[in-house]
1. May I ask you to list the trypsin sites (Lys or Arg not before Pro) in segment A:51-112 that are in a DSSP loop and have at most 11 other Cβ atoms within 10 Å of their Cβ?
2. Mind checking the per residue accessible area of segment A:3-111 for me, 1.4 Å probe, whole number of Å²?
3. So for segment B:4-101: antiparallel DSSP bridges make up what percent, rounded to the nearest 5?
4. So, with a 1.4 angstrom probe, what is the percent of accessible area on the protein assembly as shown that is carbon and sulfur?
5. Say we join alpha carbon atoms closer than 10 Å with springs in a Gaussian network model of chain B; which of B:54, B:32, B:88 then has the biggest fluctuation?
6. With an 8 Å cut-off on Cα pairs and a minimum separation of 6 or more residues, tell me the relative contact order of chain B in percent.
7. Need one word for the protein assembly as shown: rounded, prolate or oblate. Basis is the Cα gyration tensor (sqrt eigenvalues a ≥ b ≥ c); a/c below 1.5 gives rounded, then a/b vs b/c decides.
8. Cα atoms only: what Rg and Dmax, in Å, come out for segment A:39-100?
Amino acid sequence: AQRVTQPEKLLSVFKGAPVELKCNYSYSGSPELFWYVQYSRQRLQLLLRHISRESIKGFTADLNKGETSFHLKKPFAQEEDSAMYYCALSDSEGTSYGKLTFGQGTILTVHP
Amino acid sequence: DVKVTQSSRYLVKRTGEKVFLECVQDMDHENMFWYRQDPGLGLRLIYFSYDVKMKEKGDIPEGYSVSREKKERFSLILESASTNQTSMYLCASSPYYEQYFGPGTRLTVT
């Protein structure tokens, strides 16, 4: 069974510091991985998808199949990055197409 | 812009009541999902649907059922609400991989 693990429930950094939110996955097939973000009083939304290799709001994430990781990184954190972040894995096989398995989430707080 | 709406933002029900949570999307997406969101547990999939009248169990379907009579509407039903179903419920729709979420319904069962 597939699984996504985010080992940190809470992460605090100061503005301007680098930030890394960890995500590890377990999946027997070819993974499709995502980061979703939920800002205070907003709905959950897609931040980035590994296959697109984009940098969104300064965040990047690299899929490391050897370490089965998909860590989210930003070199200089901003206060507006404070939010809940979820790593998610897509099950693209059979009739479960598009189904996501989410990690437990990490609350990022960026202090001024 | 994709719009996913949920019938209520806040709902308070009594133990044993039948509860209906409604979700509507306006982008003709095939796939729709119901999750519950609990601190420390993340989002857990309750049910999903990949077509009208088609449904599949997610990871935690016990105590829930769903209905999808029209493509745009996906309903979550709690047949007999219990206090352990107090949670935030999120609906999502998806054309492919990206999921678009509704604002959530915070359900309290007393």
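1. Loop-located and lightly packed - A:53, A:57, A:65.
2. The answer is 49 Å² per residue.
3. About 100 percent, rounded to the nearest 5.
4. 50
5. Judging by the Gaussian network model, the answer is B:54.
6. This gives 36 percent for chain B.
7. Prolate, because a/c is 1.5 or more and a/b exceeds b/c.
8. For segment A:39-100, the Cα radius of gyration and maximum Cα-Cα distance read 13.4, 41 Å.
The values are calculated or read from the model by the stated rules, or taken from the named source; none is laboratory data. Values in this document were obtained by computation on a predicted structure and should not be read as measured data. All Cβ positions, glycine included, derive from the backbone under ideal geometry; neighbour counts span all protein chains shown. Each accessible area value is taken on the protein alone, full model and side chains, heavy atoms only, with ligands, DNA and RNA left out. Shrake-Rupley method; radii C 1.70, N 1.55, O 1.52, S 1.80 Å.
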